[in-house]
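Chemist: Pasting in a structure now, in structure tokens, and then I'll have a few things to ask.
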Amino acid sequence: MTEQADARLQYEAARKALIEAIQKKRAADKALIALEVQIYNFEGSYLSETAQHGGGNIVTGFENYLKNQATTRRRPEPGEQDRIFSNSSATYRESLEAQEDGQDSADEIPALKVAGPGMASRSTTRKRRATLGMRDTASGDEVELSKSGRPHKKARTGDE
């Protein structure tokens, strides 16, 4: 009984640690989203204002600084190729989409489906689905199970 109790305590401690780690990750993700949106907005305002005044900027250069240009001409919005700071981030597009969607619903932590006592693991569930033929394949290729129970794609033949 003590081994089971110790295992259960370790399981509960690991579960609590996992929940705390997930909360920290979500907080870090929200901070990253806010920072990337802020950089995007600052960059856009800088590019718009410098284009409006005709003096140039660090991206397009200052060639037109001394030229006299009509201020009535409307400048186009800054393009994606001009956003060098935003483009340096691999996730800024996702951050903008998340900000627009208002993904504040990520605050709730869903019930964790962690394999514990009396629960089937993911690999067991996958094996069951594969043997029952419920496994979806993205390309539509046939899937064959090897002796180990792992799915493998069948080789294509010239008949197909």
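Just so it is clear, none of the values below were taken in a lab; they were calculated from the coordinates. Computed from a predicted structure; not experimentally measured. All Cβ positions, even for glycine, are placed from backbone atoms using ideal geometry, and neighbour counts span all protein chains on display.
Chemist: What FRET efficiency do you get for residue 89 and residue 57 if R0 is 25 Å and r is their Cβ-Cβ distance, rounded to the nearest 0.05?
Modeler: Numbers: r = 20 Å, r/R0 = 0.79.
E between residue 89 and residue 57, to the nearest 0.05, is 0.80.
Chemist: Would you please put 2-15, 35-48 in order of how densely packed they are, using the mean number of other Cβ atoms within 10 angstrom per residue and starting with the highest?
Modeler: Working: 2-15: 10.4, 35-48: 15.6.
Final packing ranking: 35-48, 2-15.
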